[in-house]
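Each value in this text was obtained by applying a stated rule to the coordinates, not by laboratory testing. Worth saying up front: this structure is predicted, and the values here are computed from it rather than measured. All Cβ positions, glycine included, derive from the backbone under ideal geometry; neighbour counts span all protein chains shown.
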Amino acid sequence: MANDEFGSAIAKMLSRMNLPTSVEILEGGTEGIRLLDKILEFDKVIIIDAIRTGRPPGEIIILDGKQILSKSPEKQGINIHDINLILALRLGYELF
């Protein structure tokens, strides 16, 4: 399984579970900034994705919102044509 497939695979697995009706599973793929409208509808959001951390592959880490927003887009090589989820969340935080 490639890194890009990880979040999608977890979303499919969670969708087959008997979760409370208040839980919505959203498979965002590479939606980036287009996810902001959906994310803003909720009080709490859990994002599951594969990221580079320098840790062993498969290690699970938990980041809170402030930790995610503190990630540097410049170090990730982000440009106007490549707005990823971290930059989208930062823009949403600043705008709303």
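Contour minus end-to-end for I68 and K44, with contour as 0.36 nm per residue of separation and end-to-end as the Cα-Cα distance?
7.2 nm
Using the Kirkwood formula on the Cα atoms of the stretch 5-54, what hydrodynamic radius do you get, in angstrom to one decimal?
Taking the inverse mean of 1/r over all distinct Cα pairs, the stretch 5-54 comes out at 12.2 Å.
Sort 56-68, 39-51 by packing, meaning the average of other beta carbons within 10 Å per residue, with the highest value first.
39-51, 56-68
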